[in-house]
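Structure first, commentary second.
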Protein chains: 2
Amino acid sequence: MKKVSKNPLTNKDYIIPELLDDKKNINNFISKNQGKPIVLVQGLGFVGSVMSIVCANALNEEYAVIGTDLPSVSSYWKIASINDGFFPVTSSDPKVEEYYLNAKKKGNFYATYDTFSYQFADIVIVDINLDVQKESTLDYELSGFDVDLNGFKSAIRDIGRNCKEDVLILIETTVPPGATKTASKIIKDEYLKRGLSFDKVSIGHSYERVMPGPNYIDSIQNFYRVYSGINKESAKNVESFLRTIIKTDEYPLTKLGNTNATEMSKVLENSYRAMNISFMVEWSRFAEEAGVNLYEVVDAIRMRPTHKNIMLPGIGVGGYCLTKDPLLASWSKQNINGDGYQGLPMSEQAVSTNDQMPMYAFSFLQSFFRGESLIGKKVQLLGVSYLSGVGDTRYSPVEIFYKNLINIKCNVSLHDPYVSYWEELGLTVSQDLGDFDGMDIVVFTTGHSEYANNKIIINNLSNLQNILIYDTIGVLSNEEIEILSKTNTVKVLGRGDI
Amino acid sequence: MKKVSKNPLTNKDYIIPELLDDKKNINNFISKNQGKPIVLVQGLGFVGSVMSIVCANALNEEYAVIGTDLPSVSSYWKIASINDGFFPVTSSDPKVEEYYLNAKKKGNFYATYDTFSYQFADIVIVDINLDVQKESTLDYELSGFDVDLNGFKSAIRDIGRNCKEDVLILIETTVPPGATKTASKIIKDEYLKRGLSFDKVSIGHSYERVMPGPNYIDSIQNFYRVYSGINKESAKNVESFLRTIIKTDEYPLTKLGNTNATEMSKVLENSYRAMNISFMVEWSRFAEEAGVNLYEVVDAIRMRPTHKNIMLPGIGVGGYCLTKDPLLASWSKQNINGDGYQGLPMSEQAVSTNDQMPMYAFSFLQSFFRGESLIGKKVQLLGVSYLSGVGDTRYSPVEIFYKNLINIKCNVSLHDPYVSYWEELGLTVSQDLGDFDGMDIVVFTTGHSEYANNKIIINNLSNLQNILIYDTIGVLSNEEIEILSKTNTVKVLGRGDI
């Protein structure tokens with residue numbers, strides 16, 4: 001039977017070839033792009049696919065770009081779609097489609113699964129995923145976790161077995177600090193087997209700060225970068241490459257002392273955010289108890305430049321980075337760099353606290369209904385993505401909140417202006433707000449700007465009575481709460497004075 | 001025997017009067033300041049004394065200011081000194097002396113211990129201290145703590161027993177959230193006893209953000225303020241008063257919903273800082289293990305506006321606020337507002353972690369000497385205050401570091417450009433750097449700008465050999481470390497690659 005890989009965005013099926021041989025097309029692509037340096041991007045996910053088109057539209061160089069991924073059911077469609085005219089990522093940033101179409105027009109972007117392509121690469125960018133396996137209690141408290149480096153090592157081995165002696169390998173994947181050094185050892189071993197000199201290869205690490213959303217391309221092209229190399233020559237070559245794709249006159253590059261430092265910098269950045277959110281979780285409970293509106297308190301504190309980054313809690317933390325990066329760091333401290341047993345307890349605790357937030361948001365809802373059961377209530381969720389302004393549902397905290405409602409047999413309606421299909425749950429999501437008639441509970445679950453200062457929502461809700469309006473992310477203004485409270489009950493996470 | 005209270009700044013002794021009656025002087029002061037609204041400031045410490053002269057030099061009103069404190073051995077000298085021509089706080093901010101002298105010249109500032117003065121007050125500002133009693137293990141791990149509200153309550157009772165019916169009471173003291181409500185109850189009780197109406201009094205809370213140092217006065221006059229009142233009228237009156245002493249056109253006031261909110265805002269601000277430092281402690285250990293220079297990593301991360309407030313660890317956290325405010329909050333959550341048992345564990349942990357920093361800084365030093373003993377070494381400490389650019393030694397982490405060195409019979413020399421007398425330890429501190437000749441160890445313990453890019457220090461140190469130079473706060477540049485490493489050993493907390 002033929003294996004099929006479906007593009008979830010277009011619903012088109014692509015048959016995975018039985019004979020994995022793409023030599024002809026690759027040779028064809030190479031000969032059409034004579035004279036251009038070849039950039040090979042490993043991994044065509046949210047980072048790799050967009051990095052590919054940024055390289056194909058580089059500011060100061062004309063590259064030919066080969067995007068690679070595995071010929072698996074979950075990934076093959078990305079390869080096939082790219083070559084078929086459909087970019088595998090949708091975005092509110094119009095530049096994404098524009099860059100893709102421009103690359104297709106120029107003919108300098110091709111995708112393949114065949115490692116035959118590696119031999120042509122002048123530069124390899126590693127953008128594969130490196131996940132953390134978490135174990136949790138029923139209350140979503142973190143009870144254990146592990147990092148499996150095998151996928152990463154295997155991708156690096158492909159480079160070592162196939163690439164040219166003087167290739168530049170730039171690792172962008174978020175890794176446990178120490179992984180680029182591990183990668184160097186693998187490359188060295190493989191080069192030795194092939195009789196190649198390890199002295200000529202360049203290996204570096206420079207992490208991306210990609211933000212899917214309206215500034216997707218700019219988050220690569222127009223943003224600060226930190227980089228390092230395993231030696232001076234490597235760092236120099238990484239720098240030269242980055243200068244061709246990033247506006248470094250406006251966003252100067254920062255070189256760090258070694259690859260451990262850039263790897264640590266990335267996971268520290270995200271741990272800083274994760275920890276600052278988790279810290280506010282306990283203050284949110286305090287505010288609820290003390291009759292304080294934590295949102296206005298945080299606004300007041302943010303007026304101080306030294307306190308601008310103070311965060312707000314809410315329904316929870318989602319996305320691919322903040323939910324795992326502190327664990328990558330702690331794992332590295334335990335298993336690669338450290339003394340073998342002591343990790344980063346505060347950073348681990350941050351992840352655990354944040355993981356429990358949606359469960360608390362649900363308990364908070366239940367607490368309004370003391371005596372009355374939530375069973376069978378009609379609930380409207382406003383927003384399913386984890387971040388405002390973005391249609392990204394990866395590890396969305398709304399997922400756990402939703403599952404809890406379903407568990408007690410609520411009838412849940414979903415709305416999100418950016419999501420029509422909730423991939424992780426296989427659900428369609430409405431993009432039509434409706435008038436909320438017949439709803440028992442309306443929950444603001446994502447802070448999309450479309451929900452803020454929305455007179456239609458406020459009007460429709462105030463025309464109804466006895467609805468519970470529950471704001472889990474502080475999107476309602478004081479004035480809106482006052483209006484809504486006249487006919488309905490309003491509750492806000494982190495607010496005790498309503 | 002007569003009780004004496006010594007001004008530690010001038011060494012002058014003041015005899016505490018046996019008969020505590022200052023009516024004549026107070027009446028005299030009042031009659032000389034006819035027509036001016038009277039501001040009475042409770043507490044003449046680092047905040048109250050400077051707040052007094054800010055009020056005496058108010059931007060938009062001509063006040064007469066009465067500073068009050070207790071006639072105790074530890075406080076009476078502040079009262080006597082103010083009336084004697086010596087301001088009780090020294091500062092690198094020239095405005096402090098200027099404002100004091102101007103008030104003395106105008107004759108609108110008088111200090112007293114006599115509550116007889118309270119009856120004249122139109123506005124009372126509460127600036128007394130409210131301390132936390134900590135218990136710690138031998139390793140400075142926090143093992144318990146308590147808050148004693150009695151001093152605060154007694155100060156408020158003085159107001160309730162003596163003040164006019166329509167006085168404005170503005171609490172500035174950092175308190176456990178809920179304390180202004182407690183104060184209101186005390187005022188109400190006392191007014192009832194005196195047959196006064198509670199409806200006419202105004203009570204509010206507005207916390208100061210005073211920073212002793214070169215911008216001492218500006219940290220009151222030219223900075224953002226948050227305020228609240230126990231009712232609308234109170235909030236309005238607090239606002240009117242603040243507008244007379246603060247440049248509110250440049251630094252607009254922020255009104256919060258209730259007094260719990262402003263009280264929480266203050267302790268949250270400081271807990272945010274304390275927690276962000278404690279978070280970095282574990283990353284500092286990680287950096288040391290992984291051969292990473294955490295200072296350059298943090299510099300790189302701070303380029304992101306969303307990450308500007310990421311902190312650096314160091315020898316420890318000192319001062320009056322960050323070392324206790326998270327505990328005030330946790331105590332309030334347990335004892336005033338909350339469910340009776342659950343405090344703020346992350347915020348408590350932050351204090352505990354920070355309290356242990358100087359002990360770690362000492363252990364780190366010991367670890368370089370594996371095999372060799374530190375006993376009897378000659379050690380030069382550069383800096384004894386807890387903050388760069390300031391001569392404030394309250395709860396300085398250098399104290400614990402110093403005591404550890406003394407414990408193992410080191411011969412310790414002290415230097416600090418801002419401190420000539422270390423009050424807490426009763427030690428004189430040199431302000432002459434010397435050439436370090438004969439020293440075994442030189443430790444940078446405070447990040448004073450006088451130590452950064454100081455060619456004399458670097459020259460003197462590089463002329464010597466086999467000194468251990470230990471930077472606990474990252475004041476040395478990469479270039480300086482390179483120079484110093486040629487003849488000496490250099491170690492930096494949070495740096496693993498030297």
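The string of couplings for the range A:123-134 from the Karplus curve (6.51, -1.76, 1.60, θ = phi - 60°) is 9, 10, 10, 8, 10, 6, 7, 9, 9, 10, 8, 9 Hz, one whole number per residue in order, with x for Gly and Pro. Convex hull volume of the C-alpha atoms in the range A:152-243, normalised per residue: 99 Å³. Please compute the contact order of the range A:75-149 in relative form: average sequence separation of alpha-carbon pairs under 8 Å and at least six residues apart, divided by the residue count, as a percent. Answer for the range A:75-149 is 21 percent.
Expressed as a whole percent, the proportion of Cα-Cα pairs in the range A:296-391 lying more than 20 Å apart is 60%.
Could you tell me which of rounded, prolate or oblate describes the range A:348-404, using a ≥ b ≥ c as the square roots of the eigenvalues of the alpha-carbon gyration tensor, with rounded for a/c under 1.5 and, failing that, prolate when a/b is larger than b/c and oblate otherwise? Since a/c reaches 1.5 but b/c is at least a/b, the shape of the range A:348-404 is classed as oblate. For the range B:399-471, the Cα-based Rg and Dmax, in that order, read 12.6, 35 Å.
On the range A:224-339, 48 percent of the accessible area sits on carbon and sulfur atoms, based on a 1.4 Å probe. B:Thr487 label point (Cα plus 7 Å toward Cβ) to equivalent points in the other copies: 8.4 nm, shortest first. Looking at the range A:39-105, the pairs of alpha carbons with a distance over 19 Å make up 23% of the total. The shape of the range B:178-219 can be summarised by an equivalent ellipsoid whose semi-axes, obtained from the alpha carbon gyration tensor, come to 33, 10, 8 Å from longest to shortest. Using a 10 Å Cβ count of at most 10 others and DSSP loop calls, identify the longest part of chain A lacking such GluC sites (Glu not before Pro). That would be A:19-249.
The same position B:Arg194 in the other copies lies at 8.9 nm from this copy, comparing label points 7 Å beyond Cα toward the beta-carbon, shortest first.
Legend: P(r) of the range B:158-197 from all alpha carbon pair distances, 5 Å bins from 0, whole percents, reading 6, 24, 32, 21, 12, 5, 0. When you filter the chymotrypsin sites (Phe, Trp or Tyr not before Pro) in the range A:320-389 for DSSP loop state and at most 15 other Cβ atoms inside 10 Å of their Cβ, you are left with A:Tyr341, A:Phe369. Mind grabbing the base-10 log of I(q)/I(0) for the range B:206-343 at q = 0.09, 0.22 Å⁻¹? Debye formula, identical points on the C-alpha positions, no solvent, two decimal places. One equal scatterer on each Cα of the range B:206-343 leads to -0.39, -1.29. For the peptide B:273-280, the mean number of other protein chain Cβ atoms found within 10 angstrom of a residue's Cβ is 4.
Only helices reaching 20 angstrom along their own axis (Cα) with mean Kyte-Doolittle hydropathy no lower than -1.0 count here, and for the DSSP H runs of chain A these are A:179-193, A:232-245, A:259-290. What is the distance in Å between the Cα centres of the range A:422-498 and the range B:236-267? Taking the Cα centre of each part, the range A:422-498 and the range B:236-267 sit 31 Å apart.
With Cα atoms defining each centre, the range B:200-230 and the range B:361-384 are spaced 42 Å apart in the structure. For the range A:199-238, the mean projected area of the C-alpha convex hull, equal to one quarter of the hull surface, is 3.1 nm². Along the charge dipole of chain A, Cβ charges K/R +1 and D/E -1, which of A:Leu268, A:Ala235, A:Asn335 sits furthest on the positive end? In chain A, that residue is A:Ala235. Measuring nothing but how far apart in sequence close Cα pairs (under 8 Å, 6+ apart) lie, relative to its length, chain B scores a relative contact order of 11 percent.
Rounded, prolate or oblate: which fits the range B:451-498 when a ≥ b ≥ c are the square roots of the eigenvalues of the alpha-carbon gyration tensor, with rounded for a/c under 1.5 and prolate only if a/b beats b/c?
oblate
Spatially, the range B:59-126 and the range A:73-151 are offset by 68 Å when compared through their Cα centroids.
Spread over its residues, the convex hull of the C-alpha atoms of chain A is 168 Å³ per residue. Each DSSP beta bridge with both residues in the protein assembly as shown is either parallel or antiparallel, and the antiparallel ones are about 25%. Ranked from shortest, the separations from the 7 Å Cα-to-Cβ label point of A:Lys247 to its equivalents in the other copies are 3.4 nm. In loop segments of the range B:412-498 as defined by DSSP, the trypsin sites (Lys or Arg not before Pro) with at most 16 further C-beta atoms inside 10 Å of their C-beta are B:Lys486. Taking a ≥ b ≥ c as the square roots of the eigenvalues of the Cα gyration tensor, an a/c ratio of 1.5 or more together with a/b no larger than b/c marks the range B:74-156 as oblate. The range A:288-385: which trypsin sites (Lys or Arg not before Pro) are DSSP loop and have at most 10 other beta-carbon atoms within 10 angstrom? In loop regions of the range A:288-385 (DSSP not H, G, I, E or B), the sparsely surrounded trypsin sites (Lys or Arg not before Pro) are A:Arg370. Each Lys or Arg adds one and each Asp or Glu takes one away; over the other residues whose Cβ falls under 14 Å from the Cβ of B:Thr262, this sums to -4. Note on the range B:280-328: with charges restricted to the Cβ of Lys and Arg (+1) and Asp and Glu (-1), its dipole about the Cα centre is near 240 debye.
Could you please state how large a percent of the accessible area of the range B:403-455 is carbon and sulfur, counting protein chains only and using a 1.4 Å probe?
42
Interface burial in the range A:296-316 reaches 20 Å² or more for A:Glu296, A:Val297, A:Ala300, A:Ile301, A:Met303, A:Arg304, A:Pro305, A:Thr306, A:His307, A:Asn309, A:Ile310, comparing the full protein assembly with the chain by itself; accessible area from heavy atoms with a 1.4 Å probe. Placing one identical point scatterer on every Cα of the protein assembly as shown and ignoring solvent, what is log10 I(q)/I(0) from the Debye formula at q = 0.07, 0.09 Å⁻¹? Debye intensities relative to I(0), on a log10 scale: -0.71, -1.10. Mean separation of Cα pairs under 8 Å and 6 or more residues apart, divided by the residue count, gives the range B:368-414 a relative contact order of 49 percent.
With a 1.4 Å probe, what is the total accessible area buried between chains A and B, in Å² rounded to the nearest 100? Provide the component values of the computation, followed by the final result.
Working: alone 22590 and 22590 Å², together 39800 Å².
The A and B chains share an interface burying roughly 5400 Å².
Where chain B is rotated onto chain A, the residue of B whose Cβ comes nearest the axis, and that gap in whole Å, is B:Asn309, 2. The alpha-carbon positions of the range A:1-84 define a convex hull whose volume is 96 Å³ per residue.
The values are calculated or read from the model by the stated rules, or taken from the named source; none is laboratory data. Since we're looking at a predicted model, the values are computed, not measured. Note that each Cβ is placed from the backbone with ideal geometry, even for glycine, and that neighbours are counted across all protein chains shown. When the accessible area is computed, the model is the full protein with side chains, heavy atoms only, and any ligands, DNA or RNA have been set aside. Shrake-Rupley method; radii C 1.70, N 1.55, O 1.52, S 1.80 Å.
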